[in-house]
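The values are calculated or read from the model by the stated rules, or taken from the named source; none is laboratory data. As the structure is a computational prediction, the values presented were derived from the model and not from experiment. Cβ coordinates were reconstructed from backbone atoms using ideal geometry, including for glycine residues, and neighbour counts include every protein chain displayed. Only protein heavy atoms, including side chains, enter the accessible area calculation; ligands, DNA and RNA are left aside. Shrake-Rupley method; radii C 1.70, N 1.55, O 1.52, S 1.80 Å.
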Amino acid sequence: MFADDFAAHKVDDVRRLCWQRGYVLILQLGGATPFTQTCDTDLNQHVRSDYITLESLEFIEHFQRGEKIPTLKPETMIDLMVQVLRSPEVHLRAARGYKKLSLIHISEPTRP
C-alpha cells in the first residue's frame, strides 16, 4: 500500500490495519510523486471525469422521471465508481503513466 508522507498516514493504526489486511505500508517521501504516484498524474483525473459522466447520465434519468432536485443513494454512487474502475483502460492508462513519467525525468538534465 503506497501512501503520501503525511502525518495521518504514519500513525500505528494505519500500519496495523494495512498489515491485518495483508498489505505492507510504503510511505512515499517528498519529491517521489513524479516517479511513483501516477495516481496523481495519469489516474485520478480520468477516474473523476468518467465518474462525473456516469453521474450526469444518472441525474438526467432522474430529471426525466420528474425529480426536481435529484439525489443519488450512496449505493448508486458506489456502483458508478465500480463501473468506472472496472474499465481496463483506466488501469492501463495509469500503468503507461509510470513509463511516461520515468522517461521524462530520466531524460531531464541533472542540476548541479
Put Glu58, Glu75 in order of accessible area, largest first, probe 1.4 Å, and you get Glu75, Glu58
Working note, the stretch 1-92: Cα radius of gyration (Å, one decimal) and Dmax (Å, whole number) are 17.7, 50
By accessible area (1.4 Å), largest first, Arg86, Arg93 order as Arg86, Arg93
Around Thr76 (Cβ within 10 Å, Cβ-to-Cβ, excluding Thr76; K/R +1, D/E -1) the net charge comes to -3
